Amino acid sequence: MNVFKMNALYTILLLVLSNIFMTFAWYGHLRLQQTGTSSNWPLIGVIAFSWAIAFFEYCCQVPANRIGFAGNGGPFSLVQLKVIQECVSLMVFAVLANMLFQHEQLHWNHAAAFLCLIMAVYFVFMK
């Protein structure tokens, strides 16, 4: 596999990992509150907890963008990177939200919205 394809693969894997951390940082505290773990935490404590997790998100997101950006020799334009990131973000969120918050179910309109995002990826990569 050539370097160009490896950079594309590394970029997407880092974006997936980044979005796992992001989802836990943004929504994990809600699950902790549901379980009673963080019910008595002050808001500043919840913010600090989320930022501690978000640090690892950035440790993956920044290298993903640097490796993947065409201006650095990567395979993706800035717009392509953003659209890929949004799709990865929604896929990761759908899986983790279903695991963390079992009462949140996906419906037909969520699938339709995701299909629209896949179409966005197609159009962004069209020459």
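The values are calculated or read from the model by the stated rules, or taken from the named source; none is laboratory data. Just so it is clear, the structure is predicted and the values come from calculations on it, not from any experiment. All Cβ positions, even for glycine, are placed from backbone atoms using ideal geometry, and neighbour counts span all protein chains on display. Just the protein is used for accessible areas: all its heavy atoms, side chains included, with ligands, DNA and RNA removed. Shrake-Rupley method; radii C 1.70, N 1.55, O 1.52, S 1.80 Å.
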Query raised in the report: What angle, in degrees between 0 and 90 and rounded to the nearest 10, separates the Cα long axis of helix 43-68 from the longest principal axis of the Cα atoms of the chain?
Result: 10
Query raised in the report: Over region 86-127, what per residue volume does the convex hull of the Cα atoms give, in whole Å³?
Result: 47
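Please compute the per residue accessible area over the chain with all protein chains in place, 1.4 Å probe, rounded to a whole number of Å².
Details: 8390 Å² over 127 residues.
Result: 66 Å² per residue.
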Query - Long-range tail of P(r) for region 22-95 (Cα pairs > 18 Å, %) - result: 52
Query - Charge dipole (the chain, unit charges on Cβ, about Cα centre) - positive-most of Phe114, Met6, Ile44 - result: Met6
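Whenever you get a sec, compute what percent of the accessible area on the chain sits on carbon and sulfur atoms (1.4 Å probe).
Answer for the chain is 72 percent, counting heavy atoms of protein chains only.
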Query - region 53-127: GluC sites (Glu not before Pro) in DSSP loop, at most 13 other beta carbons within 10 Å - result: Glu104
Report task. Would you mind pulling out the separation of the Cα centroids of region 1-40 and region 51-127, in Å? Result -> 10
